[in-house]
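Reviewing the structure listed below.
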Amino acid sequence: MKRSLIRELLAADSAGAEVLVRGWVRTRRDSREVSFLELNDGSSFRNIQVIVGHTLPGQADIQRLSTGCSVEVTGTLVDSPAKGQRFEIRASGVYVYGWADGEKYPLQKKQHSFEFLREIAHLRPRTNTFGAVLRVRNALSCAIHDFFQSRGFIYVHTPIITASDAEGAGEMFRVSTLDPLDPPRTAGQVDYSRDFFGAKTGLTVSGQLEGELLACAMGAVYTFGPTFRAENSNTTRHLAEFWMVEPEVAFAELPDDIALAEDFLKHIFRACLDKCPEDMDFFNTRIQPGVIRTLEDIVNSSFEVITYTQAVDLLKKSGESFEFPVEWGSDLQSEHERYLTEKKFMRPVVVTDYPKEIKAFYMRMGDDGRTVRAMDVLVPRIGEIIGGSEREYRLDVLVERMKSMKLDPDDLWWYLDIRRYGTVPHAGFGLGFERAMQFITGMQNIRDVIPFPRTPGNAGF
RNA sequence: UCCCCUGUAGCUCAGUCGGUAGAGCAAGUGGCUGUUAACCACUGGGUCGCAAGUUCGAGUCUUGCCGGGGGAGCCA
């Protein structure tokens with residue numbers, strides 16, 4: 001008999017079919033004549049209830065079933081006589097694949113704290129919350145590809161290992177095969193020319209620079225892959241290894257970039273609501289009350305777009321007493337971002353045209369000479385979910401900017417070549433995939449929206 | 001990296017003024033029952049994070065170390 005997914009059975013038109021399911025026992029309850037098994041196979045947030053009559057052979061085993069055991073159940077899909085579910089399976093056979101000693105199995109049929117579940121990251125996918133997280137993660141991944149593919153973007157792959165040390169997006173993890181106890185040296189310094197790649201290399205902190213090269217040939221591209229930051233960040237919204245989505249579009253300027261980001265976010269939010277209604281309902285009732293309403297409001301309204309200068313004025317006039325003073329030229333603090341998104345506008349806010357001193361070298365200089373054509377998309381609770389900009393495509397301006405920021409243009413000769421030959425205006429942004437997950441699910445800690453989080457001091461599992 | 005909080009049963013926690021430990025849930029056993037956060041009764045379960053110090057006596061006070069959480073910075 002062909003195995004059915006629980007998701008398929010729960011959505012069946014009518015009862016009556018002979019079925020076979022495989023999964024893990026969530027709970028067992030006993031009655032006089034029958035035992036009730038709650039079975040989950042990962043395909044659905046909901047379990048299917050299995051009725052095992054006490055006359056079925058192998059009763060001793062049935063009575064030993066506990067949370068975590070893996071079983072195969074054959075039986076008939078029937079209308080449930082009790083409230084709580086439409087269908088259930090009346091079992092004609094139960095085969096036990098593996099036991100889970102109730103005295104030792106860490107997961108109990110009760111709620112656990114997320115802190116505890118992080119210590120058993122190998123088992124937490126079996127919980128309601130993480131099942132839901134993983135299904136939404138999957139839907140979100142698909143939605144990202146759907147969005148770009150439907151607009152003719154080319155999915156490109158930028159390197160994980162890179163020798164460019166000038167991306168300026170954070171500390172890199174070193175990649176080396178040199179003997180750490182006795183590396184080759186020249187004049188006292190480690191000689192990376194004798195390392196595996198003949199250069200000092202590390203894990204990428206962004207695929208953007210390479211993405212620009214590809215966009216300036218393919219028109220519109222996007223990357224979606226892992227990114228690494230060796231920052232000693234200990235917060236609920238930073239990971240040392242996270243996934244980033246980075247579109248890059250040739251012949252695009254800042255307003256195009258903003259419009260793309262807005263359409264993109266709306267599309268992926270809508271997709272998660274549509275594809276994972278049961279999981280989203282769980283997040284909405286148990287994790288972050290109102291999260292569905294928030295997402296729907298965003299999908300159905302337009303983002304607020306203001307310049308950095310306007311934002312500073314608004315903050316100064318707000319009457320709020322901030323811990324950090326608001327001053328033109330210094331970056332917006334978390335409390336400032338929260339005021340804008342959570343109190344002032346109550347929705348996503350795009351802040352554009354930041355002072356050049358607080359942004360990266362590759363951003364296009366504004367006509368005023370003080371600001372760059374950058375944009376950050378801020379959302380309630382999370383803060384910055386997208387950071388992007390129009391890129392500086394004028395060779396002389398870019399070289400001058402690099403020099404003023406003490407960067408050696410020769411190190412990025414290939415990046416500058418794109419400006420030497422057939423340069424075009426182009427723009428792009430980066431979306432933190434896990435931050436999007438946090439926003440969509442309402443999960444508070446970024447470590448709980450990725451199966452195996454990497455943070456300072458933590459790379460277990 | 002900085003600031004604050006925290007570490008007691010498998011989990012979540014209580015533990016007063018310093019006198020060597022409790023609850024709920026989970027688990028085990030029995031009972032009841034088309035149950036569904038099942039219910040009722042009983043039972044087992046502890047190096048109080050680690051190390052030192054103060055004290056007649058430390059879960060409790062002090063110091064150091066380790067772990068966890070929250071906030072900040074860096075950013076996505």
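The values are calculated or read from the model by the stated rules, or taken from the named source; none is laboratory data. All values reported here derive from a predicted model rather than from experimental measurement. All Cβ positions, glycine included, derive from the backbone under ideal geometry; neighbour counts span all protein chains shown. Surface accessibility is based on the protein's heavy atoms, side chains included, excluding ligands, DNA and RNA. Shrake-Rupley method; radii C 1.70, N 1.55, O 1.52, S 1.80 Å.
Once fully extended, how much extra length lies between residue A:78 and residue A:111, figured as 0.36 nm per residue of separation less the alpha-carbon to alpha-carbon distance?
Length difference between fully extended and current span is 8.9 nm.
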Relative to the first principal axis of the alpha-carbon coordinates of chain A, what is the inclination of helix A:254-275, with its axis defined by its Cα atoms, in degrees from 0 to 90 and to the nearest 10? 0
Tell me, what is the 1.4 Å probe accessible area of residue A:316, in Å² to the nearest 10? 110
Ranking by accessible area, most exposed first, for A:86, A:32, A:401 with a 1.4 Å probe: A:32, A:86, A:401
Given A:266/A:356; A:356/A:403; A:316/A:343, which pairs have Cα atoms separated by over 21 Å? A:266/A:356
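Over region A:262-381, give the accessible area per residue in Å² for a 1.4 Å probe, as an integer.
Details: 5650 Å² over 120 residues.
Here the per-residue accessible area is 47 Å².
Hey, got a sec? Which GluC sites (Glu not before Pro) in region A:73-146 land in a DSSP loop and have at most 12 other Cβ atoms within 10 Å?
Values: sites: A:88, A:103, A:115, A:119; in loops: A:103.
Within region A:73-146, the qualifying GluC sites (Glu not before Pro) (loop, at most 12 other Cβ atoms within 10 Å) are A:103.
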Label point distance in nm, residue A:420-residue A:318, each placed 7 Å from Cα along Cα→Cβ: 4.7
Excluding same-chain residues fewer than 8 positions from residue A:200, which lysines have a Cα within less than 17 Å of its Cα? none
Rounded to the nearest 10, the angle in degrees between the Cα long axis of helix A:395-404 and the longest principal axis of the Cα atoms of chain A comes to 90
For region A:1-71, build the convex hull from the C-alpha positions and give me its volume per residue in Å³. 102
Solvent-accessible surface (1.4 angstrom probe) belonging to residue A:151, in square angstrom, nearest 10: 110
How high is the FRET efficiency between residue A:8 and residue A:123 when r is their beta carbon distance and R₀ equals 35 Å, given to the nearest 0.05? 0.85
By accessible area with a 1.4 Å probe, ligands and nucleic acids excluded, highest first: order of A:313, A:448: A:313, A:448
Give the calculated FRET efficiency between residue A:151 and residue A:194 to the nearest 0.05, with a Förster radius of 35 Å applied to their Cβ-Cβ distance. 0.15
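Tally up the carbon and sulfur contribution to the accessible surface of chain A as a whole percent, 1.4 Å probe, everything protein left in place. Please list the in-between numbers first.
Numbers: 11100 of 22110 Å².
Carbon with sulfur: 50 percent of the solvent-accessible area.
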Taking only the Cα positions of region A:187-257, the convex hull volume per residue in Å³ is 161
Where does chain A land at 222 nm, in deg cm²/dmol rounded to the nearest 500, when only DSSP H runs of n ≥ 4 count, each adding -39500 (n - 2.57), divided by all residues? -8500 deg cm²/dmol
Let me know the Rg and Dmax you get for chain A when you use only its Cα atoms, in Å. 26.7, 85
In square angstrom, rounded to the nearest 10, how much accessible surface does residue A:413 have for a 1.4 Å probe? 150
For helix A:308-317, report the angle its Cα long axis makes with the longest principal axis of the Cα atoms of chain A; keep it between 0 and 90° and round to the nearest 10°. 70
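Taking only the C-alpha atoms, wrap a convex hull around region A:216-348 and report its volume per residue in Å³ as a whole number. It would help to have the intermediate numbers written out before the result.
Details: hull volume 23.9 nm³, N = 133.
Hull volume over Cα atoms, normalised by residue count, gives 180 Å³.
Tell me the Kirkwood radius of region A:217-282: reciprocal of the mean inverse pair distance over distinct alpha-carbon atoms, in Å.
Working: mean 1/r = 0.0678 Å⁻¹.
By the Kirkwood definition, the hydrodynamic radius is 14.7 Å.
Provide the net charge surrounding residue A:131, with neighbours chosen by a C-beta distance below 12 Å and charges set as Lys +1, Arg +1, Asp -1, Glu -1. Show your work: numbers first, answer last.
On the way: positive: A:7, A:26, A:46, A:124, A:126, A:135, A:137; negative: A:41, A:278, A:279.
After counting each charged neighbour, the total is +4.
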Set the Förster distance to 51 Å, then compute FRET efficiency between residue A:179 and residue A:281 from the Cβ-Cβ distance, nearest 0.05. 0.40
How long is the gain from residue A:36 to residue A:346 if the chain were fully straight, where each residue apart is worth 0.36 nm and the alpha carbon distance is subtracted? 107.0 nm
